[in-house]
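FYI, it's all coordinate maths here, none of it is from the lab. Please read these numbers as outputs of a predicted model, since none were measured by experiment. Heads up, the Cβs are rebuilt from the backbone with ideal geometry, glycines too, and the neighbour counts pull from every protein chain shown.
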Amino acid sequence: MNMCLPCPAPVADGVQARLSLLNRARLCPALPGDAVPHADDPALLADEAAFLEAARARVAARAASAPRDPAGFLAWFEDLQQTGPGQGDTLFPWLAETCTLDQMRWFLAQEVAGEAGFDDLTAMTLLRMPPRAKLELARNFWDEMGRGHASAMHGPMLDSLAHHLRLDLRADCIVWEALALANTMAGLAANRHYAYHAVGALGVVELTAPGRAAQIAAGLRRLGVPRAYRHYFALHAVLDVRHSASWNREVIVPLVQSDPRIAHAIAEGALMRLTCGAACFARYRAFFGAQDWPGL
């Protein structure tokens with residue numbers, strides 16, 4: 001569906017476009033004998049490994065500062081809500097108070113493209129986790145599943161909003177930073193040697209998303225989007241606060257108690273996710289010409 005806003009320049013990082021194909025192939029169901037291109041491509045798997053290790057290297061210094069005792073680490077982790085990359089970005093008040101409907105559509109198209117499926121990633125991450133952590137991850141997953149009610153499933157809620165707003169999801173209209181965010185999340189969850197990184201990445205989403213979700217919901221309300229279609233963001237503005245407290249108490253603390261080395265992996269994963277988000281926000285502001293926005 002064409003929109004008033006132009007598509008950005010073609011994806012600058014071809015690796016991210018290729019990794020998107022890898023993750024689509026590895027995560028989508030198939031039948032024996034089906035041709036599944038890209039799923040086992042050694043070159044793509046090598047690209048993914050290099051990409052994730054480079055992302056780890058970028059956050060290594062800050063992650064190394066994280067305490068390894070449970071109480072100290074939890075305080076460090078929760079402080080990311082205030083001091084983590086991308087927190088307090090001026091993009092979100094602008095979305096709440098100023099942007100046009102077409103600008104909101106463009107932003108949401110990037111967000112949908114960067115959404116790797118929190119429900120599926122959580123299900124992948126909980127595999128073989130210790131019982132206490134696994135139970136909390138399962139409770140979180142069940143909430144994402146609408147507690148068994150199709151109409152309350154979070155993923156379809158977002159799909160419904162995308163359909164209602166006729167979002168332009170063509171590959172050439174998605175910036176590479178949004179693809180990198182999705183590829184980071186999928187790569188951490190799909191590779192078990194990054195399982196604790198995935199715990200950190202998913203947990204920091206629960207920690208930091210509510211404020212942004214509330215501002216997006218406010219912008220959608222201002223722009224006249226019906227309540228039924230903005231419910232996804234309104235729900236996450238409230239529900240993720242409870243999810244975060246439970247995640248920190250039932251997943252992060254017990255894992256760090258079991259092995260202090262896990263703190264470093266969780267810290268890296270959280271910072272990798274936040275760094276990807278910050279890069280997205282900066283790219284979105286640049287696309288909209290942020291230097292001309294009132295109040296920024």
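The distance between label points at His164 and Thr98 comes to 2.6 nm (points 7 Å beyond Cα on the Cα→Cβ vector).
Starting from the Cα gyration tensor of the range 206-296, take the square roots of the eigenvalues, sort them a ≥ b ≥ c, and report rounded, prolate or oblate (rounded when a/c is under 1.5, otherwise prolate if a/b is larger than b/c, else oblate). Could the numbers behind the result be given before it?
Working: a/c = 3.98, a/b = 1.57, b/c = 2.54.
Oblate, since a/c reaches 1.5 and b/c is not below a/b.
Here is the tail figure for the range 64-287: Cα pairs spaced more than 26 Å apart come to 33 percent of all pairs. Charging the Cβ of each Asp and Glu at -1 and of each Lys and Arg at +1, and nothing else, the dipole of the range 64-287 about its Cα centre rounds to 260 debye. Ellipticity at 222 nm from helices only: DSSP H runs of n ≥ 4 in the chain, each -39500 (n - 2.57), divided by the residue count, give -22500 deg cm²/dmol. Answer rounded, prolate or oblate for the range 34-177, using the Cα gyration tensor with square roots of eigenvalues a ≥ b ≥ c: rounded when a/c is under 1.5, else prolate when a/b is larger than b/c, else oblate. Judged from the Cα gyration tensor, the range 34-177 comes out rounded (a/c under 1.5). At 27 Å minimum axial length over the Cα atoms and a Kyte-Doolittle cut of 0.0, report the qualifying DSSP H helices in the chain, or say none. Span-like helices in the chain: 42-64, 195-222, 261-288.
Residues Trp247, Trp142, arranged from fewest to most other Cβ atoms within 10 angstrom of their Cβ, appear as Trp142, Trp247.
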